[in-house]
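The values are calculated or read from the model by the stated rules, or taken from the named source; none is laboratory data. The model shown is predicted, which means the values in this text are computed figures rather than measured ones. Cβ sites come from the backbone with ideal geometry, for glycine too, and all protein chains shown count toward neighbours. We work out accessible area using only protein heavy atoms, side chains counted, and drop any ligands, DNA or RNA first. Shrake-Rupley method; radii C 1.70, N 1.55, O 1.52, S 1.80 Å.
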Amino acid sequence: MSKQTPRKQSARKPSAAQQAAAQQTTSQQAATKQPAAKQATGRKAPGTDSAAGSAKAGGGRVPAPATAPAPETDGSPAKEQLSRRRLLGTVGAAGAAGLVVGAAGGAAGLSAVQDDAPEALTTVGSTRVPFRPAGGGHQAGITTPLQAKGHLVAFDLAPGTGRKAAAALLRRWSRTAEELMAGRAPDADTGVALDAGPSSLTVTFGFGHSFFGRTGLTKRRPLALDPLPDFSADALDPARSNGDLWIQIGADDALVAFHALRALQKDAAGRARLRWQMNGFHRTPGATAHPMTTRNLMGQIDGTNNPKPSDRDFDERIFVGRDADQTWMRGGSYAVVRRIRMLLDDWEKRSRHDQEKVIGRRKDNGAPLTGGSESTPMRLDANRPDGLPVIPANAHARIAAPESNQGAAMLRRPFSYHDGFREDGAPDAGLLFICWQADPLRAFTQVQRKLDRGDALSPFLRHEASGLFAVPPAAERGGYVGQPLLEE
């Protein structure tokens, strides 16, 4: 194997203000010739981070523990100043309530603490998420704070590709993902992401229902992976749904995300063929002046009270327990993926008052119509003087709330998307809805069935693609994702 080289090639040139502060032209010239600062590796394991954390946790990038080594600098005053004054930009990890907004969870990042924005942005690239969490655990990209750019891609195994060849593909994919997430370039690299750090890159792998039949592993297919039921609002395109293998890619830099997508696609040559691919985005770290929950393309604050790792029953709701019917899925999770087009032209014709009644929350701050702030619990039993409920009976937030679904909850981690314009001029845009749960039947299916029967938001949505994938735990040291399934 050829020697691997770091993606990041050179240090960022100091700004004019920093040059003045340094007052040493020779030092500045030396700084530009020094190797890039090494990336800090003491990040929290993704399984311990909330996708909808508090302002303190930020939903933004989690700083390295105190015991982790500090990032090295090239010795210039500008670089030393930067390492002392880390900036963690605002990062939303909002989910979708039920399917879009209202009762789901969001997150806010730490706000900017310095005014030299160009230097602050370099910290976005330095954040690394480990491919193999210390001590084992869940794959990255489940509880990792939501990144600015995302790609979802599904593959079907090539004809004649059996269990052994599938194992070789997962082994290669895992090796490539580990290198990329560490900020290193794999062999035969394209150079697309040169000069960039890891940028919070995550790569998450899952198996579809059809994978098990193609590899002769039907006896090892989990019961929870049974196909989702049909819903009356569905208008699904089979060509953009399901798949043998699924990959979720997220990063805070668009080139880093594309680089990972391209590298993994190249790795699949001869063993798997692209079935579908979707591109999403999210608010960029540091885009807001203070911590706040994200908004979706309808302009709504997209979620509150997403399950948090600090919740007593978080693991029970989101991750597969020891009572799983398939041991290889213990500690894994199930991802439901839906492409939901928003009828934005129709939505934007409605008054703000009407929009708030459809959602059940205020548009400006996300507070429930029963009052308070975004984090105030909804009072579902509150009535107006005329006896009607303050939060309408068909409001999206009411119908999707755990209180209305026997406690059913899922961890929502969506991306927005915009794929141009349709023939009638309407935007082809909406939500790449992704939710995580230990049991899709008890979580997504239960909530969606209720939404399907009378959600006020449904007339403004079109469900156009769908998939369900079993996402096993992270690869063990020296192994690859899915090894216990493919080799035991």
- prompt: Hey, what do the phi angles of segment 412-419 turn into as Karplus ³J(HN,Hα) couplings, whole Hz, using 6.51/-1.76/1.60 and θ = phi - 60°, x for Gly and Pro?
  reply: 8, 9, x, 10, 7, 9, 9, 10
task: Could you pull the Cα extents of segment 141-227 along its three principal axes, largest to smallest, in whole Å?
output: 45, 30, 16
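Using a cut-off of 11 Å between beta-carbons, work out the net charge of the residues near Pro414 (Lys and Arg +1, Asp and Glu -1, Pro414 not included).
Working: positive: Arg338, Arg339, Arg412, Arg413; negative: Asp302.
Summing Lys/Arg as +1 and Asp/Glu as -1 gives +3.
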field: Amide hydrogen neighbours beyond the local backbone of Phe319, cut-off 5 Å, H modeled
entry: Ala438
query: How much length is gained on full extension from His418 to Arg262, taking 0.36 nm per residue of separation minus their Cα-Cα distance?
result: 54.1 nm
- line: Residues whose modelled amide H sits under 5 Å from the amide H of Ser199, counting only those 5 or more places away in sequence or on another chain, are Ser126, Thr127
query: Looking at segment 378-450, which trypsin sites (Lys or Arg not before Pro) are DSSP coil and have at most 14 other C-beta atoms within 10 Å of their C-beta?
result: Arg422
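At 10 °C and a viscosity of 1.306 mPa s, what translational diffusion coefficient does Stokes-Einstein give for segment 380-439, taking Rh as the Kirkwood radius over Cα pairs? Give it in µm²/s as a whole number.
Values: Rh = 14.7 Å.
Stokes-Einstein gives a translational diffusion coefficient of 108 µm²/s.
Can you give me the % of accessible surface on segment 327-381 that is carbon or sulfur? Probe 1.4 Å, all protein chains present, nothing else counted. Provide the component values of the computation, followed by the final result.
Working: 1070 of 2370 Å².
Reported share for carbon and sulfur atoms: 45 percent.
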message: What does the net charge come to around Ala443 if you take all other residues with beta carbon closer than 11 Å to its beta carbon, with K and R at +1 and D and E at -1?
response: +2
- prompt: Quick one: ranking Arg352, Arg453, Arg132, Arg338 by accessible area, 1.4 Å probe, largest first, what do you get?
  reply: Arg453, Arg352, Arg132, Arg338
11 Å beta-carbon shell around Glu356, net charge (K/R +1, D/E -1): +4
query: Toward the positive end of the charge dipole of segment 252-348, about the Cα centre and with charges on Cβ (Lys, Arg +1; Asp, Glu -1), which of Gln326, Ala272, Ile301 goes farthest?
result: Ala272
task: Mind jotting down the distance between the C-alpha centroids of segment 219-285 and segment 411-430, whole Å?
output: 16
Values of log10 I(q)/I(0), in the order q = 0.13, 0.14, 0.22, 0.26 Å⁻¹, for segment 401-488 under a Debye, Cα-only, solvent-free model: -0.65, -0.72, -1.17, -1.37
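Can you compute the FRET efficiency between Lys164 and Glu403 using 1/(1 + (r/R0)^6), with r the Cβ-Cβ distance and R0 = 45 Å? Round to the nearest 0.05. Please report the intermediate quantities before stating the final value.
On the way: r = 49 Å, r/R0 = 1.09.
Given R0 = 45 Å and the Cβ-Cβ separation, E is 0.40.
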- line: Probe 1.4 Å, heavy atoms of protein chains only: per residue, the accessible area of segment 195-299 in Å² is 41
statement: Computed from the beta carbon distance with a Förster radius of 25 Å, FRET efficiency for Arg352 and Leu388 to the nearest 0.05 stands at 0.80
message: Skipping prolines and chain starts, which residues have an amide H placed within reach, meaning under 5 Å, of the one on Ala324, given they are 5 or more residues away or on another chain?
response: none
message: List the pairs from Lys149/Lys357; Lys149/Lys266; Lys357/Lys450; Lys349/Lys450 whose alpha-carbon separation is above 23 Å, in the order I gave them.
response: Lys149/Lys357; Lys349/Lys450
